[in-house]
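Quick notes on the structure that follows.
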């Protein structure tokens, strides 16, 4: 069993829909990261959080430390949000353990 | 503000050849990392460094070597390339400990070993 599990693996939605991507982890962590990777592109850090909730534009990330669970929400989704979203948890020396990613496709 | 710069972006190697993937950051980050990303798999840590002169193995270090002579540079060396090393390689950096600060990733190097 992977230390970091994401669901769903693939998600297709229509423009404007509210999107939720989930991440569960099984180990103690120092922080949880949400990353975005466009096809053929580099990786961009969206959020780093260790408790509560963070918001940036249309993106919202939450974490429940007791339940070892985090969610990434996208409001009013747009085709440019189409990407792979990766959950990663920070361990010692800030090493990251990654989930397999969620491939999101937003159709116009 | 360049962030993390990786070169080259693409490379094709023959089995047994050697090469160095370059990584430079200009943010004065003390932590640097090399990850590989295989299709359908999460990124795996190859090597990491917590400061100049200090390096340590990650999950998948076999077939690779690193050095960290300066804060800015963290090159990854492949000595005898094998098809199993075909992957996309990402260099990253961060500052601080206990996950206090976020990561910055390079744009990646797509390596094919034939």
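The listed residues are B:49, B:18, B:107, and the only one of them that is at pLDDT 95 or above and either touching a strand residue (DSSP E or B) at 6+ places or on another chain (Cβ under 8 Å) or surrounded by fewer than 16 Cβ atoms within 10 Å (Cβ to Cβ) (or both) turns out to be B:18.
Checked against (1) touching a strand residue (DSSP E or B) at 6+ places or on another chain (Cβ under 9 Å); (2) facing another protein chain (nearest Cβ under 8 Å), residue B:40 passes all but a single condition, namely (1).
Looking across the stretch A:36-52, the residues that are out of contact with any strand residue (DSSP E or B) (no Cβ under 6 Å at 6 or more places or on another chain) and closer than 14 Å to residue A:71 by Cα come down to A:51, A:52. All conditions in (1) at the interface with chain B (Cβ under 8 Å from one of its Cβ atoms); (2) buried (at least 20 other Cβ atoms within 10 Å of the Cβ); (3) touching a helix residue (DSSP H, G or I) at 6+ places or on another chain (Cβ under 9 Å) hold for residue A:74, with the sole exception of (1).
Only a single item in (1) assigned to a strand (DSSP E or B); (2) more than 21 Å from residue B:43 (Cα to Cα); (3) touching a residue at least 12 places away in the same chain (Cβ under 8 Å) is not met by residue A:77, and it is number (1). Among the residues of the stretch B:43-63, which ones are over 20 Å from residue B:4 (Cα atoms) and either away from chain A (no Cβ under 14 Å) or touching a residue at least 60 places away in the same chain (Cβ under 8 Å) (or both)? Within the stretch B:43-63, B:62, B:63 qualify.
Just one of the listed residues (A:28, A:90, A:42) is under 15 Å from the mean Cα position of the chain (by Cα) and within 14 Å of chain B (Cβ to nearest Cβ), and it is A:90.
A quick yes/no check of all residues on (1) at pLDDT below 95; (2) in a loop (DSSP other than H, G, I, E, B):
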{"residue": "A:16", "(1), (2)": "no, yes"}
{"residue": "A:27", "(1), (2)": "yes, yes"}
{"residue": "A:36", "(1), (2)": "no, no"}
{"residue": "A:44", "(1), (2)": "yes, no"}
{"residue": "A:63", "(1), (2)": "no, no"}
{"residue": "A:86", "(1), (2)": "no, no"}
{"residue": "A:89", "(1), (2)": "yes, no"}
{"residue": "A:105", "(1), (2)": "no, no"}
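Within the stretch B:62-87, which residues are within 11 Å of the chain's Cα centre (by Cα) and surrounded by fewer than 18 Cβ atoms within 10 Å (Cβ to Cβ)? Residues satisfying the conditions are B:65, B:67, B:73, B:75, B:77. Do we have residue A:98 as without any contact (Cβ under 8 Å) to a residue 40 or more places away in the chain and either buried (at least 19 other Cβ atoms within 10 Å of the Cβ) or within 11 Å of the chain's Cα centre (by Cα) (or both) here? Against the criterion (without any contact (Cβ under 8 Å) to a residue 40 or more places away in the chain and either buried (at least 19 other Cβ atoms within 10 Å of the Cβ) or within 11 Å of the chain's Cα centre (by Cα) (or both)), residue A:98 does not qualify.
The values are calculated or read from the model by the stated rules, or taken from the named source; none is laboratory data. Every value quoted in this text rests on a predicted model; they were computed, and no experiment measured them. With ideal geometry, Cβ positions are generated from the backbone for all residues, glycine too; neighbour counts draw on all protein chains shown.
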